[in-house]
1. What number of residues within segment 82-124 satisfy the criterion of being part of a loop (DSSP other than H, G, I, E, B), more than 20 Å from VAL137 (Cβ to Cβ) and in contact (Cβ under 8 Å) with a residue 24 or more places away in the chain?
2. Count, please, the residues in segment 25-79 that happen to be outside any loop (DSSP other than H, G, I, E, B), polar (S, T, N, Q) and in contact (Cβ under 8 Å) with a residue 24 or more places away in the chain.
3. Please specify each residue of segment 111-125 satisfying the condition of being within 13 Å of the chain's Cα centre (by Cα) and either modelled with pLDDT under 95 or within 14 Å of the ligand (Cβ to nearest atom) (or both).
4. Being β-branched (Val, Ile, Thr), within 20 Å of LEU335 (Cα to Cα) and within 16 Å of the ligand (Cβ to nearest atom) is the requirement here; does THR56 meet it?
5. Are any of the residues in segment 32-45 more than 13 Å from the ligand (Cβ to nearest atom), closer than 14 Å to LEU70 by Cβ and surrounded by 19 or more Cβ atoms within 10 Å (Cβ to Cβ)?
6. Among the residues that make up segment 145-152, is at least one of them within 16 Å of the ligand (Cβ to nearest atom) and closer than 27 Å to ASP228 by Cα?
7. For segment 85-110, what are the residues that are within 12 Å of the ligand (Cβ to nearest atom) and either open to solvent by 40 Å² or more (accessible area, probe 1.4 Å) or modelled with pLDDT under 95 (or both)?
8. Is it the case that segment 234-252 has a residue that's touching a helix residue (DSSP H, G or I) at 6+ places or on another chain (Cβ under 9 Å), within 20 Å of GLU113 (Cβ to Cβ) and loosely packed, with under 13 Cβ neighbours inside 10 Å?
Amino acid sequence: MAGDGYKVGVLGATGLVGSTILELLAARGFPVAELVPFTSERSAGKEIEWEGKALTCRVLSEEAIQGLDLVLSSAGGSVSAEWTPRLVEAGATVVDNTSYWRMHDDVPLVVSEVNPDALQGHHGIIANPNCSTMQMVVALKPLYDAAGIERLVISTYQAVSGTGKAAIDELRTQAQALVAGNVMPEPQIYPHQIAFNVLAHAGSFPDGDDHTDEERKLINETRKILGDPGIKVSATCVRVPVVTGHSEAVNVETREPLDPERARELLAAAPGVTVVDDPAGASYPMAVDAAGKDDVYVGRIRRDAGNDRALDMWIVSDNLRKGAATNAVQVAELLVERGFLLAKPQV
Ligand SMILES: NC(=O)c1ccc[n+]([C@@H]2O[C@H](COP(=O)([O-])OP(=O)(O)OC[C@H]3O[C@@H](n4cnc5c(N)ncnc54)[C@H](OP(=O)(O)O)[C@@H]3O)[C@@H](O)[C@H]2O)c1
């Protein structure tokens, strides 16, 4: 720890997640003595304004990573694969937003409201879950504690910001061309037109798999975070032309009986959850309302008409906030509060 705070590195500082992390570190008053923004060669040397100071973006190097106490990383899986062990070796604790470390047995996968105790005994790397999984488990945790979960059937409606900055540009460019009646440019990021369309897959199909990597993340990460490998999960991940805010229709079959009224009470009392559920008044969570906020919004809570043991609900959250940056900063806060940040990593 230096001065009255920590030396903090933000990897991918010019990206959608990284720039949101920078905003939240300042807004939440995280104790930062020195902040080092890291980017690729493309943005190296560029200045970022943070807390009234101009910070120069740097590329990763052995020299540049010395002395960091904490690194919040969102520069892509291959960067995390290569640099996280080096950062830990150099003495930093790393909270990683990419998918690379999430399913490693000795890496805790932590959602601050759900399994903060998993931080105990970490070895220097903490993984931040996938955005769709993150918002869902915040809403599932109180139901899981009350009644257990036997099976989940999930359909996601995922915003393009989940794919990064370039995907937002693609949606805007296509939408402008279509509205103006101009020829639409060839899609670069998605395999098909995303403007005014719905794509029946989010993520990519690993070789030989009929599920996308996003669907596998929902299945595997949910089980790891809730600590229950027996939960059956069926997932379909869909990309929709929304800029920010993932929506999810989730059918939850519980192990013990749970009625919708009790579920609504449990959710209303749960940390990080806001219930918006007045269907008659057309009041339910919407991506445009969730964008820029930290909570997970839940509505349309009702009995599955075909299964007495199941509930249906609609879960919405900002994928860049609780789905990524907010949780990463909350995990960093927990590391400080619990005295785990400066524990010497054992790698
Ligand atoms: N978007 C989401 O909702 C979300 C949610 C959870 C997790 N994530 C994960 O977070 C990561 C970043 O996502 P994003 O949406 O923020 O992407 P993005 O907007 O495309 O930003 C990528 C960032 O990574 C930097 N970068 C790229 N290559 C690098 C390298 N070799 N060394 C250092 N920095 C490098 C880029 O710097 P330049 O300016 O130099 O290009 C930029 O700052 C991904 O792994 C993604 O899966 C995203």
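The values are calculated or read from the model by the stated rules, or taken from the named source; none is laboratory data. A quick note: this is a predicted structure, and the numbers were derived from the prediction, not measured. Cβ atoms come from the backbone with ideal geometry, glycine included; neighbour counts cover every protein chain shown. Ligands, DNA and RNA are excluded from the accessible area calculation, which covers all protein heavy atoms including side chains. Shrake-Rupley method; radii C 1.70, N 1.55, O 1.52, S 1.80 Å.
1. 5
2. We begin by selecting, within segment 25-79, every residue outside any loop (DSSP other than H, G, I, E, B); these are 25-27, 32-38, 47-50, 53-56, 58, 70-73, 77-79.
Filter once more, so that each one left must be polar (S, T, N, Q): 56, 73, 78.
Next, from what is left, pick out any that are in contact (Cβ under 8 Å) with a residue 24 or more places away in the chain: 73.
Final tally of qualifying residues: 1.
3. VAL111
4. Working: β-branched (Val, Ile, Thr): yes; within 20 Å of LEU335 (Cα to Cα): no; within 16 Å of the ligand (Cβ to nearest atom): yes.
No, not satisfied.
5. Yes, segment 32-45 contains at least one residue that is more than 13 Å from the ligand (Cβ to nearest atom), closer than 14 Å to LEU70 by Cβ and surrounded by 19 or more Cβ atoms within 10 Å (Cβ to Cβ).
6. So far as segment 145-152 goes, no, none of its residues is within 16 Å of the ligand (Cβ to nearest atom) and closer than 27 Å to ASP228 by Cα.
7. Selection gives SER99, TYR100.
8. Taking segment 234-252 and keeping what is touching a helix residue (DSSP H, G or I) at 6+ places or on another chain (Cβ under 9 Å), we get 234-237, 239-248, 250, 252.
After this cut, where a residue has to be within 20 Å of GLU113 (Cβ to Cβ) as well, the list is 245-248, 250, 252.
Subset that is loosely packed, with under 13 Cβ neighbours inside 10 Å: none.
Checked segment 234-252: no residue is touching a helix residue (DSSP H, G or I) at 6+ places or on another chain (Cβ under 9 Å), within 20 Å of GLU113 (Cβ to Cβ) and loosely packed, with under 13 Cβ neighbours inside 10 Å.
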